[in-house]
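**Student:** My questions all concern the structure below.
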Amino acid sequence: MSDLYKDILTATVFITGLIGFISGEFIISSTLFASAAIASNVNVNRKRDKAGQLSCE
């Protein structure tokens with residue numbers, strides 16, 4: 001999957017979580033927000049590793 005599709009998927013999950021939060025589905029929206037945050041961090045770390053930049057670890 002290319003980076004564009006991963007970014008689109010992460011944004012879709014985030015927007016779905018936002019709509020769920022507005023409609024009152026707090027447990028579902030919390031889960032969607034968490035999965036969007038994890039997916040975003042994984043994508044950023046993979047991009048950084050590909051570029052050869054040093055991490056804090």
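**Student:** Look at the stretch 14-24 and say how many of its residues are open to solvent by less than 80 Å² (accessible area, probe 1.4 Å) and under 11 Å from S40 (Cα atoms). Spell out the reasoning first.
**Tutor:** Here is the first cut: in the stretch 14-24, the ones open to solvent by less than 80 Å² (accessible area, probe 1.4 Å) are 16-18, 20, 24.
Filter once more, keeping what is under 11 Å from S40 (Cα atoms): none.
Total satisfying the criteria: 0.
**Student:** OK, next. So for the stretch 17-28 (the condition being among the polar types (S, T, N, Q) and at pLDDT below 90), does at least one residue qualify? Break it down into steps so the answer makes sense when it comes.
**Tutor:** First pass over the stretch 17-28, keeping only residues among the polar types (S, T, N, Q): 23.
Checking which are at pLDDT below 90 leaves us with none.
No.
**Student:** Taking into account only those residues within the stretch 39-57 that are loosely packed, with under 12 Cβ neighbours inside 10 Å and outside any loop (DSSP other than H, G, I, E, B), which is modelled with the highest pLDDT?
**Tutor:** N41
**Student:** Next question. Filtering the stretch 25-38 down to residues that are touching a helix residue (DSSP H, G or I) at 6+ places or on another chain (Cβ under 8 Å) and among the aliphatic types (A, V, I, L, M), which residue is most open to solvent (accessible area, probe 1.4 Å)?
**Tutor:** Checking each candidate, the answer is I28.
**Student:** If L4 meets every condition in (1) in a helix (DSSP H, G or I); (2) modelled with pLDDT under 80; (3) exposed (fewer than 12 other Cβ atoms within 10 Å of the Cβ) apart from one, which number is that one?
**Tutor:** Here L4 meets the rest and fails (2).
The values are calculated or read from the model by the stated rules, or taken from the named source; none is laboratory data. Bear in mind that the values here come from a model prediction, so they are computed numbers and not experimental data. In this analysis, Cβ positions are derived from the backbone assuming ideal geometry, glycine residues included, and neighbour counts consider all displayed protein chains. These area figures cover heavy atoms from the full protein model, side chains too; ligands, DNA and RNA do not enter into them. Shrake-Rupley method; radii C 1.70, N 1.55, O 1.52, S 1.80 Å.
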